[in-house]
Amino acid sequence: MMSSTTTRAALAVLLLSGTIVSGVAAAEAQVGPAAGTLTKVASFEHQVTGVTVSKDGRVFVNFPRWTEDSAVSVAEVKDGRITPFPDAEWNSWRNARKDEVSAGDHWICVQSVVASPDGNLWVLDPAAPAMAAVVKNGPKLVEIDLKTNKPARTIAFDEAVAPQGSYLNDVRFSPDGKTAYLTDSGASGALVVVDLASGKARRLLDGDPTTQPDASVTVTYEGKPLRRPDGRGVEFAADGIALSPDGGTLYWQAIKGRTLYSLPTSALTGWLTSSLVPEALSDRSLSGKVETVGDNGPADGLIISRKDGRMYVTSPQDDSIKVRDLSAKGSALTTLIQDKRLRWPDTFAEGPDGTLYVTTSRIQDSAFYKSDAPAALPTDLWSIKPSASDATGSTTSPSAR
């Protein structure tokens, strides 16, 4: 049997050579990185955004069609490679074949993959390649049964939920598996609430200041405003989303923004049991119930750890991951890790053992913002094991609150 030092050395060689570690990093599971250590799990040839880890440790990622017509949209990281998921056919849509391939049962421009509490995989497809026009019949939320690796149901979104200009961004699921909460980071930011049993969905806080880009904020990188070749800056609306472990509070914020907002989920779901939408569920009424949690600065991904109850925040402007103590109202963010390799930290996932996974989507390096950038942008998946000593924050278990 190899010694711990030998095993770590072997793992380092694999990582430096670019070899993808399958599952939840099999070698890491044996030797484990030190708490707070940033570890590369996988490297990709395309721009990645979403990542999720199932209850049994399977890792899934997705590649949106932003600046390239990527051949794979959703993949499982398996046996050192990315394998199209659930199969090649679902991944066969291409921009060039838009009029030939049906939009409702193929991945168009997937933005997020999330494992639900019951252990299945959900895929959110805003169906807006290049974040431009929404492909008709394309916006959808698809559940894949991980026992059979086959789609179990598709919830299609019509124009009332995903109008032209929308870009459905990320999703969280209630602990009872009955409700999904989505952000829309498109032209008019909004929240979307979905009753998973019926498939009914409602667009809420559409155009509300809490879901819109903040005009007073300019997203920067390396001290300079991040702008497209034509001068436009970062304009993403409601993007990052997180749900408290008990399912009672929803959090969100815009990337072009500073403020983290929250709402009781009970205020968002009353329409499910009402044949008419009462005034209490109007956007005007909801807006009055929104609470300001604190200042995150421009941020992309949010997650509340099942393990420690803290909120983790990706901070693209300074290549860092930060932590918020939700148990102390008004508490400030603290930095967990800052590393130049975290080039636009994007989306979080949490493994069964509490390990955090984060993608680096390198948005500032993409053809959106650099005219000479390649269409296919190499990106990475990282892992980190936070501990209470890594950053100031609550270490109280969610169940103890």
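The values are calculated or read from the model by the stated rules, or taken from the named source; none is laboratory data. Just so you know, these numbers come straight off a predicted model, no measurement behind them. Note that we place each Cβ from the backbone using ideal geometry, even for glycine, and neighbour counts take in every protein chain shown. For accessibility, only protein heavy atoms count, side chains too; no ligands or nucleic acids. Shrake-Rupley method; radii C 1.70, N 1.55, O 1.52, S 1.80 Å.
Residues whose amide H falls under 5 Å from that of Gln47, counting only those 5 or more places apart or on a different chain, are Leu377, with hydrogens built in the peptide plane. Working from label points 7 Å from Cα in the Cα-to-Cβ sense, the Ala187 to Arg258 distance is 2.9 nm.
Straight-line reach from Lys307: which aspartates and glutamates have Cα under 20 Å away, leaving out those fewer than 8 places along the same chain? Partners found: Glu28, Asp56, Asp118, Asp176, Asp246, Asp325, Glu350, Asp353, Asp390. Charge tally around Phe157: other residues with Cβ under 12 Å, Lys/Arg +1 each, Asp/Glu -1 each, net +1. The string of couplings for region 283-294 from the Karplus curve (6.51, -1.76, 1.60, θ = phi - 60°) is 4, 5, 5, 4, 4, x, 9, 5, 10, 8, 8, x Hz, one whole number per residue in order, with x for Gly and Pro. With R₀ fixed at 35 Å, the C-beta to C-beta distance from Arg306 to Asp99 puts the FRET efficiency at about 0.20.
Summed over the residues of region 167-248 and divided among them, the accessible surface reaches 39 Å² per residue at a probe radius of 1.4 Å. The string of couplings for region 347-363 from the Karplus curve (6.51, -1.76, 1.60, θ = phi - 60°) is 10, 9, 9, 10, x, x, 9, x, 5, 8, 10, 9, 8, 10, 8, 6, 4 Hz, one whole number per residue in order, with x for Gly and Pro. Neighbours of Gly186 by Cβ distance under 13 Å: Lys/Arg scored +1, Asp/Glu scored -1, total -4. Determine the sum of side-chain charges near Pro86: Lys and Arg each +1, Asp and Glu each -1, restricted to other residues whose C-beta is under 15 angstrom from that of Pro86. Net charge in that neighbourhood comes out at -1. At full extension, Asp176 and Asp339 could sit 55.0 nm farther apart than now, given 0.36 nm per residue minus the alpha carbon distance. Here the simple spin-label model places points 7 Å from the Cα toward Cβ, and for Ser266 and Thr148 these points are separated by 3.8 nm. Backbone N atoms of region 71-114 closer than 14 Å to the 7 Å Cα→Cβ label point of Glu45 belong to residues 71-73, 81-84. Across the accessible surface of region 136-199, with the other protein chains kept in place and a 1.4 Å probe, carbon and sulfur atoms take up 49 percent. Over all projection directions, the Cα-based convex hull of region 163-266 averages an area of 7.5 nm². Taking the 1.4 Å solvent-accessible surface of region 289-364 as the whole, the part contributed by carbon and sulfur is 46%. Each residue of region 219-231 was assigned a 3J(HN,Hα) from its phi angle through the Karplus expression (A = 6.51, B = -1.76, C = 1.60, θ = phi - 60°), giving 6, 10, 8, 6, x, 10, x, 8, 10, 6, x, 8, x Hz with x at Gly and Pro.
Taking the centroid of alpha carbons for each part, region 325-386 and region 164-196 are 21 Å apart. Stretching the chain fully between Lys200 and Ala373 yields a gain of 58.2 nm (0.36 nm per residue, less the alpha carbon separation).
Between the amide H of Thr220 and those of Leu226, distances stay under 5 Å, these residues lying 5 or more places away or on another chain, with hydrogens modeled in the peptide plane.
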